[in-house]
Amino acid sequence: MEKATKVLVKSLIVNVLLTLTKFVFGLIYKSKVLVADGIHSLSDLATDIVSIYGSKLSLKPADTEHPYGHGKIEYLTSIVIGAVILALALSLLGNSLNAKTTITSNMVLYVTIFTILAKYLISRYILSKGVKYKSNLLIASGKESRSDVISSAIVIITYFLSKLSSYSKIFLYSDTIGTFIIGLIILKTAYRILKENIVSILGEIEQDEEYLDKIREIILENSEVVNIEELNIIKYGHYYQANITINMDSDVTLEDACLVSDRIKKKLINKKTRISYAKISINPYME
């Protein structure tokens, strides 16, 4: 998780610069849609701060009250991220209803092109690291960053539409319409993040069959194991807890069964499997 934190710090620095750039130029050139885009970047800034704090808390070791560690704090912080984005989206949608006619300045176009390039690069970086480290926090932050690229593209569209106002007065409202659309994009992002992490915090299990097959192979390497009756891999943020029930030959002694169980645990608990805790129950095989 230290690697994930370093990624989030880099994202935080970029988002501070982009947010200030959008706000300053949006206010100077009276572009409501660019200010809205700045609010979208501000949501990135808020999520990075919460993510960094959450990743540190999730590293706390297990204790008597939390025998399986504090990994689910990742989901809680991601829910906070979703709630922040939701509040910003609702605020934007409400403000966009206050329609005003504007013609977008050329400087807004230049600023937006710059921010799109910067945002696209940072979003690709965060998502790739999120997949690599299998971090919900990074993936949530990366998704929000990617949607920010889309909102910036809308700013460019509204720029060109506002230039058509000489043909029709309806295009004078392109800035307001663009602001409303950005609000909807942020709202969709908030819904997705909240939905995914609420499901996870309620007790999500790993369903990747390729991953589960690898775990089954490790267990069945032991000749004493006849079959696997139950295999549940529960997600705890960046690590897993494995609940396993196996059947052994009835002639295997209790001592040998315990030795096999310990041997399986040692093979399962490592960085490659991401399993930090394993509970193995043994039943005699009955034909």
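The values are calculated or read from the model by the stated rules, or taken from the named source; none is laboratory data. Keep in mind that what you see is a predicted model, and the values were worked out from it rather than measured. We place every Cβ from the backbone using ideal geometry, glycine too, and count neighbours over all the protein chains shown. Just the protein is used for accessible areas: all its heavy atoms, side chains included, with ligands, DNA and RNA removed. Shrake-Rupley method; radii C 1.70, N 1.55, O 1.52, S 1.80 Å.
Of the residues contained in segment 187-196, none is found to be part of a strand (DSSP E or B) and open to solvent by 80 Å² or more (accessible area, probe 1.4 Å).
Of the residues in segment 84-104, not one is at pLDDT 80 or above, in contact with a Ser or Thr (Cβ under 8 Å, 6 or more places away or on another chain) and open to solvent by 70 Å² or more (accessible area, probe 1.4 Å). Only one of the listed residues (Gly54, Gly142) is surrounded by 19 or more Cβ atoms within 10 Å (Cβ to Cβ) and either outside any helix (DSSP H, G or I) or modelled with pLDDT under 75 (or both). That residue is Gly54. Selection of segment 260-274 for residues being open to solvent by less than 40 Å² (accessible area, probe 1.4 Å) and either among the acidic types (Asp, Glu) or in contact with a Lys or Arg (Cβ under 9 Å, 6 or more places away or on another chain) (or both) yields Thr273, Arg274.
Restricting attention to segment 245-285 and to residues that are hydrophobic (A, V, I, L, M, F, W, C), part of a helix (DSSP H, G or I) and within 12 Å of Val225 (Cβ to Cβ), the residue that is modelled with the highest pLDDT turns out to be Ile264.
Candidates are the residues of segment 9-33 that are over 17 Å from Ser145 (Cα atoms) and small (Gly, Ala, Ser); the one that is surrounded by the most Cβ atoms within 10 Å (Cβ to Cβ) is Ser31. Considering Ser162, Ser128, Ser147, the condition of being under 16 Å from Asp37 (Cβ atoms), at pLDDT 80 or above and not aliphatic (A, V, I, L, M) is satisfied by Ser162 alone. Restricting to segment 219-259, and then to whatever is open to solvent by less than 40 Å² (accessible area, probe 1.4 Å) and among the hydroxyl-bearing types (Ser, Thr, Tyr), can you tell me which residue is farthest from the chain's Cα centre (by Cα)? Applying the filter and picking the extreme gives Thr245. For segment 197-218, the set of residues classified as open to solvent by 90 Å² or more (accessible area, probe 1.4 Å) and either among the hydrophobic types (A, V, I, L, M, F, W, C) or at pLDDT 80 or above (or both) consists of Leu202, Glu209, Glu210, Lys214, Glu217, listed by residue number.
Listed here are the residues, each with its yes/no results for (1) part of a helix (DSSP H, G or I); (2) closer than 24 Å to Tyr240 by Cβ; (3) of a type in the set (A, V, I, L, M); (4) at pLDDT 80 or above.
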| site | (1), (2), (3), (4) |
| --- | --- |
| Ile13 | yes, no, yes, yes |
| Thr19 | yes, no, no, yes |
| Leu34 | yes, no, yes, yes |
| Asp44 | yes, no, no, no |
| Glu65 | no, yes, no, no |
